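Here's the structure, in structure tokens; my notes come after.
The values are calculated or read from the model by the stated rules, or taken from the named source; none is laboratory data. In this text, all values refer to a predicted model and were calculated from it rather than measured experimentally. Every residue, glycine as well, gets a Cβ built from its backbone with ideal geometry; the counts of neighbours run over all protein chains shown. Surface areas here come from the heavy atoms of the whole protein model, side chains and all, with no ligands, DNA or RNA. Shrake-Rupley method; radii C 1.70, N 1.55, O 1.52, S 1.80 Å.
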Amino acid sequence: MYGLVALIVKIDDMGLYLTEKTSAAQQKMGHALLAFAPILMKTLTIVGTLAMFLVGGGIINHAIPLLHHFTEDAVDHLEHIPTLGSIISTLTPTLINFVIGIVAGLLVVLVVTLIKKLWPRTKIS
């Protein structure tokens, strides 16, 4: 995993290195890597943010028995739906965790915003 992260971090350096080579094929590959790097980084930003909402929501869901039992009950009820029940019940915990993660994130933003308004920073001269 660390090797993959290192490749992602250094993809632009590899691209630049290849553009300075004499081979046309290596230069073309270098330019392709340089063009691909920003797209990859933007995609990872979005995917990483969504993953953090899912993971955070899952942690909160498992830490609060009421939420965890709600999730289990929702899955149990959805499994009895003919045809699509198993698919929907499989996706339900992930969607519930995602919603919990977003709500928790919004609550944190609200609290931090309120704290900043109530206790503004004093300027040091």
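Using just its DSSP H runs of length 4 or more, each adding -39500 (n - 2.57), the chain gives a mean residue ellipticity at 222 nm of -29000 deg cm²/dmol after division by all residues. Computed over segment 31-125, the alpha-carbon pair-distance distribution with 5 angstrom bins reads 2, 12, 13, 14, 12, 12, 11, 9, 7, 5, 2, 1, 0, 0, each value a whole percent. Helix 85-118 axis versus longest C-alpha principal axis of the chain: approximately 80°, rounded to the nearest ten. Computed about its Cα centre, the charge dipole of the chain is approximately 860 debye, with only Lys, Arg, Asp and Glu carrying charge at their Cβ. The distance separating the Cα centre of segment 7-55 from that of segment 63-110 comes to 35 Å. Quick one: net charge of Ala35's neighbours, Cβ under 15 Å, K/R +1, D/E -1? With Lys, Arg at +1 and Asp, Glu at -1, the neighbours total 0.
Ligands, DNA and RNA left out, the accessible area of segment 1-68 computed with a 1.4 Å probe is 78% carbon and sulfur. Relative to the longest principal axis of the Cα atoms of the chain, the long axis of helix 65-78 makes an angle of roughly 90 degrees.
Computed from the C-beta positions of Glu79 and Ile59 and an R0 of 22 Å, the FRET efficiency is 0.35 to the nearest 0.05.
Accessible surface for segment 6-125, divided over its residues, is 77 Å² per residue with a 1.4 Å probe. Expected output is a single nm value to one decimal: the length gained when fully extending between Leu66 and Lys116, i.e. 0.36 nm times separation in residues minus the C-alpha distance. What is it? Working it through step by step, the gained length comes to 14.8 nm.
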